[in-house]
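Asks: Pasting in a structure now, in structure tokens, and then I'll have a few things to ask.
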Amino acid sequence: MARTSSLAAESSDVQACIDLCVRCARTCLDKTANVCLEKSGRHARPSHIALMLGCADLCSTTARFLIMHAMLEHKLCFVCAEVCEACAVSCEQLQDMEDMEDCVEVCRACAVACRRLAVGTAGEA
């Protein structure tokens, strides 16, 4: 019975991570197109735009790997967590950060969820 509970909790953590990865990808793309590029200045710095787009791409890829139960998904989750955290920090450093608050929040939540899976599955694969 304990194993069943453990599998259910793991499945719940995986689904939560998938959901957050998808939400983070969507938010980063939306903020890049509809806030950063429109505001220009610091918001449109090439390094910031590259990080936002990279975060969106990596979150989408991570979600797909988790859905497919692909090999090495725990390593991808670890990298995704690091990129999401870097993206959150980059967004926080912008002036007029209120436009980016939801991006910071979802990036941080995604980083936590990915890190949880990366640590929890590191011995597998």
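Every read-out reported here was derived from the displayed coordinates using simple, explicitly stated rules and does not represent laboratory data. The shown structure was predicted, so the numbers you read here are calculated from the model rather than taken from an experiment. We place every Cβ from the backbone using ideal geometry, glycine too, and count neighbours over all the protein chains shown.
Asks: Name every residue in the stretch 72-118 that is among the aliphatic types (A, V, I, L, M), touching a residue at least 40 places away in the same chain (Cβ under 8 Å) and loosely packed, with under 15 Cβ neighbours inside 10 Å, in order of residue number.
Replies: L72
Asks: Further, regarding this structure: Any idea which of L66, L76 is under 15 Å from R23 (Cβ atoms), of a type in the set (A, V, I, L, M, F, W, C) and either assigned to a helix (DSSP H, G or I) or under 15 Å from the mean Cα position of the chain (by Cα) (or both)?
Replies: L66
Asks: Do the conditions hold for L37, that is, is it within 16 Å of the chain's Cα centre (by Cα) and either surrounded by 14 or more Cβ atoms within 10 Å (Cβ to Cβ) or in a helix (DSSP H, G or I) (or both)?
Replies: No: the conditions fail for L37.
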